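Report on one structure; see the data block that follows.
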Amino acid sequence: MSNSLFIDNPILLKHIRARLRKAQLVPFIVVVALLSALFCWMGFAPLNGGSSGYASESTRTTAFSILFGLQCLLLFVLGACQVAGSVATAREGGQLDFHRISPQRPLAIAVGYLLGAPIRELVLFACTLPFMLPFIIMGNPFWLGFGLPVLFLAMLPAAFFWYCFALLLGVMLPKPRNVAVLVAIVIGGAHLLYTIPFMQHFTIIATMQSTISFSYSYHTASMDNDLLRNIMSFFFTIPIPYVILGVIHQLILGAFCLYAAKRKLTNELAYPFSRPVALLFFTVFAALLLGVIINPTMSRYSDSYSYDYSGMALFCLYGLLVIGLILLAICTPARSEIIKGIRHVRKLGRHIIPVWDDRAPNTIFLISITALTALFCAIGIAIIDFLLNRENSISQQILPINVIYATVRHSLKFEQMALGLLVVIGATLFFGAALQYCQLKFRKQGATLFGMLLFLLWILPILIAFVVSIVTNSSSNPGAYILAISPLSSITELLIDATDYLHPAIPVLAIAIPWLSGLFFFIMSMHEARKLTLQPESAPPAAAPAGKP
Amino acid sequence: MIEVRDLRVDYDEVCAVQDLSFDVPQGEIYGLIGPNGAGKTTTLRAMVGLLEPTYGTIRLNGFDIATHREQAVAHIGFMPDFSPLYEELTVYEFLDIFASAYKLPPATRATEIQRYIDLVELTEKRDTMTAGLSRGMKQRLMLAKTLLPSPAIILLDEPASGLDPHSRILLKNILKQQRADGKTVIISSHILSELAEFCTSIGIMERGHMVTSGRVEDVGARIFSEIRYSIELLGDADKCAELLAADTGVSKLERLENRFTFTFSGDDTAAAALLTQLVTADIQVIKFVREIETLEDIFMQIGAREVA
């Protein structure tokens, strides 16, 4: 088993041969070595103004950080781009089909791309390692002794996650040529947004910051709370070492990406997730998301922890909404797929496609996703409300450290969160039902028309409200009513603005529109699906024109 | 060896292959014939598991491709109608990748690869990057890749497209040798002359349906209930014309000086008796030939029926 996975893996072999040819590798090594040497020299240059005649501690830390940044660029961004680009090119060119029909297992194909495609970047990464030696030998920056092993250990699962993610995009996206660029944008974006809760567990920057802070506290002997504060993160308010929590996130979500990629490597036309696995993914993702966002953060202005309740509620509602919509988009079958499913079951003497089959209309799946969204959002806002109302009594029970809470009481109310929850449920229902209806009713134009519908109901109101707010410039902003039309803005509107100041019509509008439109499309999509199921088998359509299947 | 039952494949809402059933016994070279868009490539891609059928079963060497995919594909060599090579590898490296994919024993791998490189006459190109090969060479390399794991079933989709005459002869000889080795070959093409010389069985597809399938002579016999003969003589042909006209099995008699062509409804024994009768009557027969129907004849005959 391990033999075909790692040692005699043909795709790994292919990449080693293709990407490690001397003529192509040597120039890259020279460039990387020169850059690394430059940064190394920067840290130890004798004319850099340090008190000992060498570079100062801060300069040395900067030099080390730049070198580390180069390593991250090679390992994460360029490596992941290669994974996505390589598999996408093989898929487009038809070479992947050869591997699909060989006795190779899909997992072996996936491992081949995960380890093989970034092989040159891994070699270049290895070339930068000797330039870390001066920093280690000299013991500068001071935190290196503790931090380096932690950092390098943290890089492995992070690379695993991003490579699996890139592999999934490479086997999923319809236009593979741009997939490497997209992967670069996503990874770059994630690292730029590393301060956002949850997102920070997928970037190495936050780990590095945590490590530096911890080492600084350790060396300056300002232990106790500081030490724990810098090394600990919180999962459902339970303190867990930051690095470990990040590794857990990366491994779990990386494994889901790998599973989905494996399915696509087996069959080009398969959905990345089967419906039960999609629901499992949603549950796991929701648990991770809620666990992380319900998280006390250190106040910048006092030696105390505080909760950003509005931020938590927004992350909870938007995060679960977005992941639910992505899963609905992935698992909603096109009309032609449903017809295939109907023909298949008819051939077997049945009349209805099993509801968990990939080719069944998404009705039950939509209900399940909507129910899970409602459940996890409700859990999220219940915990937030619990913390909000009992912050003083709870603090001593759950946190092992001396916590002083911010004295300012938040104005967020349970009613606001509940209204937001209703909007999220309506929006999820609308999205899944409208997508299935458009696919069933309008055939190949369905996706385009659904996109148009989303634009009209979810994007355009925000743009109009923006323009109206500029044009009217009055205290009674009519744009608020328009914003309520789109769930993308109405959730924020309901949570951020105090309910007392909102016109009563706004919550009504915000909830009624997605719910009514959602129920309308739900009934219509069920009707269309039923029509299709009852429709007798017609004469086969004309064969494809010459030259095409 | 190969068993296809009630196969249906849909692309979107277009039915590319409908209710297709056929068998190919071991050791046959089966020609899948049909015009562009008949469903040949779709059928082959479904057979190797690259397309999921709407319904139907495909059994290769006893293994159902849907339920025992890994075992089924282990017996297949598939060559598509284009050559998706890894252009950053050499000829040898490319074959080595697939030797590894098909789990050839490492000890014999190099020898086997070299054997197939020699077989497709790419010996001098062994260390050339595949990007630098001509189209015909790429096709030959694909053929070597297909044959390398010594599969029991070989599926070739338009293998001769892009091949020069020499390479076509090479392909023909290789396929004949594969048949002699007991391999089963399915070869799809719309160029009938490609298949005529070595196919032992044929299946003719039209608009996603299998119109007819079986051994060439059986299909021919099914299509043509009467057989055409041609005779050439020396000397006076009138006597011959009288004798032929008098035979009840002869019809559609045509004469061009001392050459005759006619349709004969009798079997081989009756044909031999007719020849004996001519020779006994002192007619100097220099040619008595049964005109074997070609794949073109069969295909055109079926095409005419389908259109009608």
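The values are calculated or read from the model by the stated rules, or taken from the named source; none is laboratory data. Keep in mind that this is a model prediction, so the values were computed, not measured. Using ideal geometry, Cβ is built from the backbone for each residue, glycine included, and neighbour counts are taken over all protein chains shown.
So in segment B:64-80, with the set limited to residues that are surrounded by fewer than 18 Cβ atoms within 10 Å (Cβ to Cβ) and within 12 Å of chain A (Cβ to nearest Cβ), which one is farthest from A:PRO103 (Cα to Cα)? Residue satisfying both the conditions and the ranking: B:ALA66.
The rows are residues; the columns are (1) of a type outside the set (D, E, K, R); (2) within 16 Å of A:LEU173 (Cα to Cα); (3) modelled with pLDDT of 95 or more.
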{"position": "A:PHE256", "(1), (2), (3)": "yes, no, yes"}
{"position": "A:LEU269", "(1), (2), (3)": "yes, yes, no"}
{"position": "A:LEU279", "(1), (2), (3)": "yes, no, yes"}
{"position": "A:ASN295", "(1), (2), (3)": "yes, no, no"}
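Is it the case that B:LYS172 is at pLDDT 85 or above and either surrounded by fewer than 18 Cβ atoms within 10 Å (Cβ to Cβ) or in contact with a helix residue (DSSP H, G or I) (Cβ under 8 Å, 6 or more places away or on another chain) (or both)? When the stated conditions are applied, B:LYS172 passes them. Inspection of segment A:522-536 identifies at least one residue that is surrounded by 11 or more Cβ atoms within 10 Å (Cβ to Cβ), at pLDDT 85 or above and within 14 Å of another protein chain (Cβ to nearest Cβ).
Considering segment B:109-160, the residues that are touching a strand residue (DSSP E or B) at 6+ places or on another chain (Cβ under 9 Å) and of a type in the set (Asp, Glu) include one that is nearest to B:PHE94 (Cα to Cα), namely B:ASP127. All told, A:ALA126 falls short of being crowded, with 23+ Cβ neighbours inside 10 Å and either without any contact (Cβ under 8 Å) to a residue 40 or more places away in the chain or under 21 Å from A:LEU258 (Cβ atoms) (or both). Of the residues examined, B:GLU121 is not one that is outside any loop (DSSP other than H, G, I, E, B), among the charged types (D, E, K, R) and over 17 Å from A:LEU96 (Cβ atoms). Checked against (1) closer than 26 Å to A:TRP41 by Cα; (2) surrounded by 22 or more Cβ atoms within 10 Å (Cβ to Cβ), A:MET132 passes all but a single condition, namely (2).
Restrict the check to segment B:68-78 and report whether at least one residue is closer than 30 Å to A:GLN24 by Cα, in contact with a strand residue (DSSP E or B) (Cβ under 9 Å, 6 or more places away or on another chain) and part of a strand (DSSP E or B). No, there is no match, as no residue in segment B:68-78 is closer than 30 Å to A:GLN24 by Cα, in contact with a strand residue (DSSP E or B) (Cβ under 9 Å, 6 or more places away or on another chain) and part of a strand (DSSP E or B).
Residues are listed down the side, and each one gets a yes or a no for (1) over 16 Å from B:ILE97 (Cα atoms); (2) among the basic types (Lys, Arg); (3) touching a residue at least 40 places away in the same chain (Cβ under 8 Å); (4) buried (at least 21 other Cβ atoms within 10 Å of the Cβ):
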position	(1), (2), (3), (4)
B:ASP127	no, no, no, no
B:ARG140	yes, yes, no, yes
B:ALA144	no, no, yes, yes
B:LEU148	no, no, yes, yes
B:ILE153	yes, no, yes, yes
B:LEU156	yes, no, yes, yes
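In segment B:13-33, the condition of being surrounded by fewer than 21 Cβ atoms within 10 Å (Cβ to Cβ), facing chain A (nearest Cβ under 9 Å) and hydrophobic (A, V, I, L, M, F, W, C) is met by at least one residue.
Within segment A:464-479, not a single residue is in contact with a Ser or Thr (Cβ under 7 Å, 6 or more places away or on another chain) and closer than 14 Å to A:PRO514 by Cα.
Of note, A:LEU457 does not satisfy the criterion of being away from chain B (no Cβ under 14 Å) and either under 27 Å from B:VAL14 (Cβ atoms) or surrounded by fewer than 19 Cβ atoms within 10 Å (Cβ to Cβ) (or both).
If we keep just the residues of segment A:1-22 that are in a helix (DSSP H, G or I) and at pLDDT below 90, which is farthest from the other protein chains (Cβ to nearest Cβ)? That would be A:SER2. With respect to being surrounded by fewer than 24 Cβ atoms within 10 Å (Cβ to Cβ) and either away from chain A (no Cβ under 11 Å) or β-branched (Val, Ile, Thr) (or both), B:GLY49 falls outside the description. Examine segment B:182-191 for a residue that is assigned to a helix (DSSP H, G or I) and touching a strand residue (DSSP E or B) at 6+ places or on another chain (Cβ under 9 Å), and state whether such a residue exists. No, the conditions are met nowhere in segment B:182-191. Can you find a residue that is within 30 Å of A:LEU534 (Cα to Cα) and modelled with pLDDT of 95 or more anywhere in segment A:413-425? Looking for residues that are within 30 Å of A:LEU534 (Cα to Cα) and modelled with pLDDT of 95 or more, one finds none in segment A:413-425, hence no.
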